[in-house]
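What follows is one structure encoded as structure tokens, with my remarks underneath.
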Amino acid sequence: MSEAIAYYPGCSGLGTSKEYDTSTRAVCAALGLSLVDIPDWSCCGSSPAHTKDHVLSAALAARNLQLVSDMGLKAAATPCPSCLTNLRTANHRCEAAPFKAKVDKLLDDPYAGGVNAVSVLQALTEMVGLDTVKSAVRTPLKGLKVACYYGCIMNRPPELMAFDDCENPMAMDNILAAMGAEVVPFPLKVECCGASYGIPRPDVVAKLSGKLLDAAVGVGADMVAVACPLCQMNLDLRQGQVNRAGGTNFRMPVPYFTQLMAVALNIADEEIGFSKLCVDPRPVLSKALAVAD
Amino acid sequence: MRIGVFVCHCGSNIEGTVDTATVAKASLDFPEVVYATDTMYACSEPGQDGIIQAIKDKNLTGVVVASCTPRMHEPTFRRAVERAGLNRFMFEMANIREHVSWIGRDREANTNKSVDLVRIAVEKLRRDAPLIPSKFSVNKRVMVIGGGVAGIQAALDCADGGLEVVLVERESSIGGKMAKLDKTFPTVDCSSCILGPKMVDVAQHPNITLHAYSEVDSIGGYVGNFQVQVKKRATYVDWELCTGCGACMEKCPSKKNPDAFNEKIGPCTSINIPFPQAIPKKAVIDPTTCRQFVKGKCGVCAKVCPTGAIKYDMTDEIVTEDVGAIVAATGYDLFDISKVTEYGGGRYPDVITGLQYERLLSASGPTGGHIKRPSDGKEPKNIVFIQCVGSRDKSLDRPYCSGFCCMYTAKQTILTKDHIPDSQSYVFYMDIRSPGKMYDEFTRRAMEEYGARYIRGRVAMVYPKGDKMIVRGADTLAGTQVEIEADLVVLAAGAEAAKGAPQLAEKLRISYDKYGFFMESHPKLKPVETNTAGVYLAGSCQGPKDIPQSVGQGSAAAAKVLALFSKDMLESDPQISRVDIKRCVGCGKCIMTCPFKAIKEVEFRGQKKAEVIETVCQGCGICTSTCPQGAIQLSHFTDNQILAEVNALCQS
Ligand SMILES: Cc1cc2nc3c(=O)[nH]c(=O)nc-3n(C[C@H](O)[C@H](O)[C@H](O)COP(=O)(O)OP(=O)(O)OC[C@H]3O[C@@H](n4cnc5c(N)ncnc54)[C@H](O)[C@@H]3O)c2cc1C
Ligand code: SF4
Ligand code: SF4
Ligand code: SF4
Ligand code: SF4
């Protein structure tokens, strides 16, 4: 029962969030969802392009969507919410013919349309399904208290993203619960972590991410599972800055949800890639799983 | 035929952009027009006298008035020609105001178009025939559906007026939302003290029959002669025997069920009387939780009931009530707060609705009138009220204002201070809507005397932190973000149409808007009438209303019923469809298409034929365009007349 979907890792998947990429690939393979790489994929247009020029950024996205179309596929999955936003925005904007004409002018190969972009989370929910996920579990994440953090753009704007509740999303909660984890109700699921303010205004990130970590501790979470490379970086890499700014002492592991899935599916350590994270989740993980035994 | 044409100036409304004298002159060239004139105000007394005089002087047999929309003045002019001795259907109107002078500035084009409209009206009039309404008798009983304060008022006024009243209430007691309120704005008087006596009057009035725990199953008939099937749902308690002693409730072992009367913030037993002042004060068993039904064993209530009223084998019962008029007073329901996921209603126990808060304030509520928050029973000190939840919000498809929540929120802040003097209330609002006698003064009192802190702005989210609820929002007057640590959050949930309202509207054959509120016949001039003769509206089933407005409408609807019943015989509108029996092939297409079920199948010399029930037909004409034989014709709007109008227009 192998379903196929084009796979768009995004630039961070090759660099800062390599472990998100490898764990995603391994998890999907284990669950029978075949991710087909897009040959010669390029920037999704989310970086500086979209703040400068909507046509240029849509053209960058549309180039990739057209490559998917050339593969004979109708949908692409991406782990990164920023890529997702941009791919979906391009699709939305190209519904207007005059806009699309301008986009096509920039492309060698005009975009034929009709390629849907979804998150890996959505693909796992809709194409694999909770039942399959549940029955594939080898090491249940029993006893592990996880707060699921979706970030602010994963489901927003709701008309564009068209998946899950935009204020109280449940897809990740449901998947990790199916893997046996004890999902704690996390009230700040869709609050902003500070995003790219990390560079110009690290104080803003320290405050916003600090709030998230504080709330996660407050609900008794062992770790915060995330689905966005940028959120991950702010909460994990900048945790030291947060602590220094707020006089706190957080040591909260922030793994990608796919990494936790990989643990439950008994996937090899290199693919899980916990060693790439700043706060190592392994001590907390083994303690929680051991207590549960 | 001798036709007279009267072209109205409507002051300068028409004359400003239409040359009425020219229109009148041109009319003289139309067939059978023997007299034409312009007139200043056709509807005024001198205007009508002019028409009557001309009919007499010139021996007119038909009249065209070219003026405004027939919706307003067609009845006026019909009465005028009737006073002059003509049949009132020998009259046509050409709308040269709404359809001409108000929508175009070009005087010449407007004049020409007016001439065309008069030409059309003349051609229709030439094919009009006198119509005589038939008379039928009226059953002077009235049914009121819904026993909230609006329905109670309508029922009492009708009954005091000498009518027999049948009151149908879906719940086991009448009272509606008002019975759940603690105190009422703007006087802060106790709700059950002012409603209770009215409820008792209903119970004791010799003219009122009450069917509680009942619903309307189907409705047949027409104004003056409706037949309503009422489904009396099984209560599993024989109400003839039940004395309301409550012994069963004390002993029932199934005690932890969500209490609907207390808006599910308190528990109740499976056998229950919703509140002490309930009318009727009778017990009902909920078979979805009762152990006798769920597990097949218990029977405790049957053992303890001193009158042996418990009947586990009771079934629903249908009774038929014949009435001449119906008042719909089914009220409203609350917007489901769990749809606003950012506020966490339904997820966090300390985020509640305004109606739940009323139950916490009420001495007969689950906390005995002490404000205790649902999560841990602690007395809250900081209470945040959020207004317009599920109102004035296009993204939730609720663009309308619910009207009463600004006021009840102000009331609740006052009551909060009375209950807990060292508390602080905060109110997030968009703007304060408090028109009404003593209303704005009331909201000011909440702020100035009771110290409620009003913050203009929306709340972005509510989330728990420790044992507090963090309310984060904007203060748009100060231009800042605010965060309040609240112990309890009360959402002023908006009003929605009552559950099942569209289905009931269809049974009543009345219109409803896209939100399910019933439609009045005219938004200004016929607020309690509907487009179905004999069916009236009262209270918030027509749109959110507070108690004074609902009561006013209850009385208004009763006055309409009393006026209707002041006659022994009613006249039916003769502008209805009739079947030409020679042409009808009995295919039954009209029967299927008629939205009012006004056509029935009959046998005529061994052949199937359609027949229109005069009193039910509303004259919509849908059947006439369905009949493949052209056998069914709408009087006063026959195919011939419509084609003649089209011809007149095309040949001009
Ligand atoms: C929290 C809160 C506080 C309020 N405080 C005040 C206040 O202080 N002062 C004020 O003036 N107003 C107040 N209001 C408004 C007040 O509740 C309404 O004005 C009033 O209840 C309207 O009365 P009604 O009879 O039209 O409708 P309802 O009270 O809703 O009564 C309708 C009745 O019809 C019954 N029914 C529904 N459908 C059917 C059916 N299909 N068949 C048979 N029966 C049916 C229902 O069971 C109910 O008994 C408040 C409202 C809320 C939510
Ligand atoms: S009949 Fe109509 S158009 Fe004429 S004056 Fe009256 S309102 Fe105006
Ligand atoms: S039979 Fe049902 S209602 Fe009666 S006492 Fe038992 S549980 Fe309660
Ligand atoms: S009455 Fe006040 S609170 Fe209610 S919807 Fe209107 S503005 Fe909002
Ligand atoms: S005119 Fe309308 S209401 Fe009358 S019989 Fe025809 S379809 Fe029915």
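Any read-out appearing in this document is the output of simple, stated calculations on the displayed coordinates, not a laboratory observation. All of these numbers come straight from a predicted model, not from anything done at the bench. Positions of Cβ are generated from backbone atoms using ideal geometry, with glycine treated the same way; all protein chains shown enter the neighbour counts.
Just grab the label-to-label distance for A:ARG251 and B:SER44, each label 7 Å out from Cα along the Cβ direction, in nm (one decimal).
Spacing of the two 7 Å Cα→Cβ label points: 9.5 nm.
Taking loop as defined by DSSP and a crowding limit of 11 other beta carbons within 10 Å, which trypsin sites (Lys or Arg not before Pro) in the range B:506-558 fit?
Working: sites: B:LYS507, B:ARG509, B:LYS514, B:LYS524, B:LYS545; in loops: B:ARG509, B:LYS514, B:LYS524, B:LYS545.
Filter output for the range B:506-558: B:LYS514, B:LYS524.
Mind checking the full-extension length gain between A:ARG282 and A:ALA162? Use 0.36 nm per residue of separation minus the Cα-Cα distance, one decimal, nm. Write down the numbers at each step before the final one.
Values: separation 120, 0.36 × 120 = 43.20 nm, distance 3.48 nm.
That works out to 39.7 nm of additional length.
Please give the net charge around B:TYR463, taking every other residue with its beta carbon less than 15 angstrom from that of B:TYR463, where Lys and Arg add +1 and Asp and Glu add -1. It would help to have the intermediate numbers written out before the result.
On the way: positive: A:LYS189, A:LYS211, B:ARG347, B:LYS465, B:LYS468, B:ARG472; negative: A:ASP165, A:GLU167, A:GLU191, A:ASP214, B:GLU342, B:ASP350, B:ASP467, B:GLU483, B:GLU485, B:ASP487.
Net of charged neighbours comes to -4.
Taking 0.36 nm per residue of separation and subtracting the Cα-Cα distance, what length does fully extending B:TYR312 through B:GLU32 add? Provide the component values of the computation, followed by the final result.
Details: separation 280, 0.36 × 280 = 100.80 nm, distance 7.73 nm.
Gain in length upon complete extension: 93.1 nm.
Quote the charge dipole size of the range B:335-496 about the Cα centre in Debye, to the nearest 20; the model charges only the Cβ of Lys and Arg (+1) and of Asp and Glu (-1).
Details: 22 positive and 21 negative charges, 34 e Å.
Computed charge dipole of the range B:335-496: roughly 160 debye.
Once the Cβ-Cβ distance between B:MET438 and B:ASP57 is put in as r, and R0 is 41 Å, what FRET efficiency do you end up with, to the nearest 0.05?
Values: r = 59 Å, r/R0 = 1.43.
The formula returns an efficiency of 0.10 here.
Percent relative contact order of the range B:3-126, based on C-alpha pairs within less than 8 angstrom and at least six residues apart? Show your work: numbers first, answer last.
Details: 231 pairs, mean separation 40.3, N = 124.
So the answer I get is 32 percent.
Determine the shielding of peptide B:159-170 by partner chains: average, over its residues, the number of Cβ atoms on other chains within 10 angstrom of each Cβ. Spell out each step's value before the answer.
On the way: counts 0, 0, 0, 0, 0, 0, 0, 0, 0, 0, 0, 0.
If you average over the peptide's residues, the count of other-chain Cβ atoms is 0.
How would you rank A:20-27, B:428-435, highest first, on the average number of other Cβ atoms within 10 Å across their residues? Each step should come with its number before you reach the end.
Details: A:20-27: 25.4, B:428-435: 17.5.
The most tightly packed comes first, giving A:20-27, B:428-435.
Can you give the angle from 0 to 90° between the axis of helix B:439-448 and the longest principal axis of chain B, with both taken from C-alpha atoms, to the nearest 10?
Compared with the principal axis, the helix lies near 30 degrees.
Could you compute the FRET efficiency for A:SER47 and B:SER375, with r as their C-beta to C-beta distance and R0 at 60 Å, rounded to 0.05?
Numbers: r = 46 Å, r/R0 = 0.76.
The pair A:SER47/B:SER375 has a calculated efficiency of 0.85.
Sorted by average packing, counted as other Cβ atoms within 10 angstrom per residue and highest first, what order do B:38-47, A:209-218, A:255-264 take? Walk me through the numbers on the way to the answer.
On the way: B:38-47: 16.9, A:209-218: 22.1, A:255-264: 28.3.
Listed from highest to lowest mean packing, they are A:255-264, A:209-218, B:38-47.
At what distance in angstrom do the alpha carbon centres of the range B:246-292 and the range B:561-586 lie from each other?
If you average the Cα positions of each part, the centres end up 49 Å apart.
GNM on chain A, C-alpha springs below 10 Å: top fluctuator among A:LEU235, A:LEU208, A:LEU141?
A:LEU208
List the pairs from B:LYS140/B:LYS597; B:LYS507/B:LYS589; B:LYS339/B:LYS378 whose alpha-carbon separation is above 25 Å, in the order I gave them.
On the way: B:LYS140/B:LYS597 23 Å; B:LYS507/B:LYS589 21 Å; B:LYS339/B:LYS378 27 Å.
In this structure, B:LYS339/B:LYS378 lie more than 25 Å apart at Cα.
As a test of the formula, what do you get for the protein assembly as shown when each DSSP H run with n ≥ 4 contributes -39,500 (n - 2.57) and the sum is divided by the residue count, at 222 nm and rounded to the nearest 500 deg cm²/dmol?
Working: 33 runs with 315 residues, N = 945.
Helix-only estimate at 222 nm: -9500 deg cm²/dmol.
Using 7 Å Cα-to-Cβ label points, what is the A:LEU56/B:GLU98 separation (nm, one decimal)?
Distance between label points: 5.7 nm.
Please compute the average number of Cβ atoms from other chains found within 10 Å of each residue's Cβ in peptide A:180-187. The partial results should precede the final answer.
Working: counts 0, 0, 0, 0, 0, 5, 1, 10.
Mean shielding count: 2.
Select from B:THR61, A:GLY210, A:PRO110 the residue farthest towards the positive end of the dipole of the protein assembly as shown; place +1 on Cβ of Lys and Arg, -1 on Cβ of Asp and Glu, and compute about the Cα centre.
B:THR61
How many angstrom lie between the C-alpha centres of the range B:178-195 and the range B:46-68?
Their Cα centres are 57 Å away from one another.
For B:VAL327, list long-range residues whose amide hydrogen, built 1.01 Å from N in the peptide plane, is under 5 Å from its own amide hydrogen.
HN-HN under 5 Å from B:VAL327: B:MET143, B:VAL144, B:ILE145, B:TYR536.
What's the magnitude of the charge dipole for chain A around its Cα centre, counting Lys and Arg as +1 and Asp and Glu as -1 at the beta-carbon? Answer in Debye, nearest 20.
660
Please give me the summed charge of the neighbours of B:ASP568: other residues whose Cβ is under 10 Å from its Cβ, Lys and Arg +1, Asp and Glu -1. Mind dumping the intermediate values first?
On the way: positive: B:LYS135, B:LYS140, B:LYS567; negative: none.
Net local charge, B:ASP568 excluded: +3.
Cα centroid distance between the range B:154-173 and the range B:385-406, in Å?
Answer, in whole Å: 32.
Considering only the other residues whose Cβ falls under 15 Å of the Cβ of A:PRO158, what net charge follows from Lys and Arg at +1 and Asp and Glu at -1?
On the way: positive: A:ARG88, A:ARG156, A:LYS189, B:LYS339, B:LYS394; negative: A:GLU159, A:ASP164, A:ASP165, A:GLU167, B:GLU342, B:ASP393, B:ASP397.
Summing Lys/Arg as +1 and Asp/Glu as -1 gives -2.
Evaluate the relative contact order of chain B (contact order divided by residue number), counting alpha-carbon pairs under 8 angstrom at least 6 apart; express in whole percent.
Computed over chain B, the figure is 13 percent.
Exactly which trypsin sites (Lys or Arg not before Pro) in the range A:92-189 are in a DSSP loop and have at most 12 other Cβ atoms within 10 Å? Mind showing how you got there, number by number?
Numbers: sites: A:ARG93, A:LYS100, A:LYS102, A:LYS105, A:LYS134, A:ARG138, A:LYS142, A:LYS145, A:LYS189; in loops: A:ARG138, A:LYS142, A:LYS189.
Counting only loop positions with at most 12 other Cβ atoms within 10 Å, the trypsin sites (Lys or Arg not before Pro) in the range A:92-189 are A:ARG138.
Between A:THR139 and B:ASN531, what is the label-point separation in nm under the 7 Å Cα-to-beta-carbon projection?
Reported label-point gap for B:ASN531 and A:THR139 is 6.8 nm.
Expressed in nm to one decimal, what extension gain is obtained for the pair B:ALA363 and B:ARG79 from 0.36 nm per residue of sequence separation less their Cα-Cα distance? Walk me through the numbers before you get to the answer.
Working: separation 284, 0.36 × 284 = 102.24 nm, distance 5.88 nm.
My answer for the length gained is 96.4 nm.
Please list, in chain and number order, the residues 5+ apart from B:ALA486 or on another chain whose amide H is under 5 Å from its amide H, with Hs placed from the backbone.
Long-range HN contacts for B:ALA486: B:MET469, B:ILE470, B:VAL471.
Note down the magnitude of the dipole of chain B about its Cα centre, charges +1 on Lys and Arg C-beta and -1 on Asp and Glu C-beta and zero elsewhere, to the nearest 20 debye. Could the numbers behind the result be given before it?
On the way: 79 positive and 75 negative charges, 231 e Å.
It works out to roughly 1100 debye.
Over all residues in B:451-463, what is the mean tally of Cβ atoms on other chains that come within 10 Å of each residue's Cβ?
Taking all residues of B:451-463 together, the mean is 1.
Gaussian network model of chain A, Cα springs within a sub-10 Å range: biggest mean-square fluctuation belongs to which of A:ASP53, A:ASP37, A:ASP236?
A:ASP53
Identify which of A:SER42, A:SER34, A:SER135 has the largest mean-square fluctuation in a Gaussian network model of chain A, with springs joining Cα atoms closer than 10 Å.
Among A:SER42, A:SER34, A:SER135, the largest GNM mean-square fluctuation belongs to A:SER135.
Checking the cross-link filter: which lysines have an alpha carbon closer than 19 Å to that of B:LYS311, excluding same-chain neighbours under 8 positions apart?
Here the lysines satisfying the reach criterion relative to B:LYS311 are B:LYS231, B:LYS232, B:LYS251, B:LYS281, B:LYS282, B:LYS295, B:LYS297, B:LYS303.
Tell me, what is the FRET efficiency for A:VAL291 and A:LYS18 to the nearest 0.05, using R0 = 41 angstrom and their Cβ-Cβ distance as r? Each step should come with its number before you reach the end.
On the way: r = 31 Å, r/R0 = 0.75.
Here the calculated transfer efficiency is 0.85.
Using just the alpha carbons, could you tell me how many Å³ per residue the convex hull of the range A:60-138 encloses? Spell out each step's value before the answer.
Numbers: hull volume 7.5 nm³, N = 79.
Residue-normalised Cα hull volume stands at 95 Å³.
Helix B:70-83 sits at what angle to the longest principal axis of chain B, using alpha carbons and giving 0 to 90 degrees rounded to 10?
50
Between helix B:45-58 and chain B, what is the angle of the helix's C-alpha long axis to the longest principal axis, kept within 0 to 90° and rounded to the nearest 10?
Tilt relative to chain B: about 30 degrees.
For each pair in B:LYS499/B:LYS524; B:LYS58/B:LYS524; A:LYS74/A:LYS134; A:LYS211/B:LYS177; A:LYS189/A:LYS287; B:LYS180/B:LYS255, compute the distance between the two Cα atoms and list the pairs where it is over 31 Å. Numbers along the way, then the final one.
On the way: B:LYS499/B:LYS524 26 Å; B:LYS58/B:LYS524 39 Å; A:LYS74/A:LYS134 27 Å; A:LYS211/B:LYS177 41 Å; A:LYS189/A:LYS287 25 Å; B:LYS180/B:LYS255 21 Å.
Over 31 Å apart, Cα to Cα: B:LYS58/B:LYS524; A:LYS211/B:LYS177.
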